[in-house]
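The values are calculated or read from the model by the stated rules, or taken from the named source; none is laboratory data. Since we're looking at a predicted model, the values are computed, not measured. Every residue, glycine as well, gets a Cβ built from its backbone with ideal geometry; the counts of neighbours run over all protein chains shown. Ligands, DNA and RNA are stripped out before the accessible areas are found, and what is left, the full protein with its side chains, is counted by its heavy atoms. Shrake-Rupley method; radii C 1.70, N 1.55, O 1.52, S 1.80 Å.
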Amino acid sequence: APSLTVPGVGNGEYYLRVRAVGPAGTSPPTADLQVVVGCSAPPAAPDITTVAVVGRSVSLAWTLPPGATGSRLEVGFTTGATDLVIPNDTAALTLVADAPPGTYFARLRAVNACGTGAPSAERVIAVP
């Protein structure tokens, strides 16, 4: 039986297809076969636990679900918008940043080798 071994494949979700090749040409592909390496799915939604504004300094704290290796903070100028993305490739659980006056809408997504998970509940941040 033909087989294939591919060493060094990174964690993630892959889809494989096979085609036969012969004197008459190439066959149509087989149905997709899903292969998951190292994890089974993106992490669940995290939770933004604290939002504090002192002057123009904004502090955020959050919890990450099990299996998350980092996070991605999405900030918009209107609800649901993503005008700024702040990636965090560590398991850090806080962020402190200065922001210009305005109203911001923030969501956090947890990340692992299988991808980016669903967003947290949106938090409104008003900077005077």
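Share of the chain's accessible area from carbon and sulfur, percent, 1.4 Å?
Details: 4840 of 8030 Å².
Carbon and sulfur atoms account for 60 percent of the accessible area of the chain.
Within a Cβ distance under 11 Å of W62, other residues only, what is the Lys/Arg minus Asp/Glu net charge?
Details: positive: R107, R109, R123; negative: D47.
Net local charge, W62 excluded: +2.
Could you work out the relative contact order of the chain, using alpha carbon pairs under 8 angstrom and six or more residues apart, expressed as a whole percent?
Numbers: 291 pairs, mean separation 32.7, N = 128.
For the chain, the relative contact order is 26 percent.
Pick from V51, V18, V37 the residue whose mean-square fluctuation is largest in a GNM of the chain, springs joining Cα atoms under 10 Å.
Of V51, V18, V37, the Gaussian network model singles out V18 as fluctuating most.
Just G55, G22, G67 to compare: in a GNM of the chain, with alpha carbon springs under 10 Å, which one fluctuates most?
Answer for the Gaussian network model of the chain: G22.
Suppose every Lys and Arg Cβ carries +1 and every Asp and Glu Cβ carries -1, with no other charges. What dipole size does the chain come out with about its Cα centre, to the nearest 20 debye? Could the numbers behind the result be given before it?
Details: 7 positive and 8 negative charges, 31 e Å.
It comes to approximately 140 debye.
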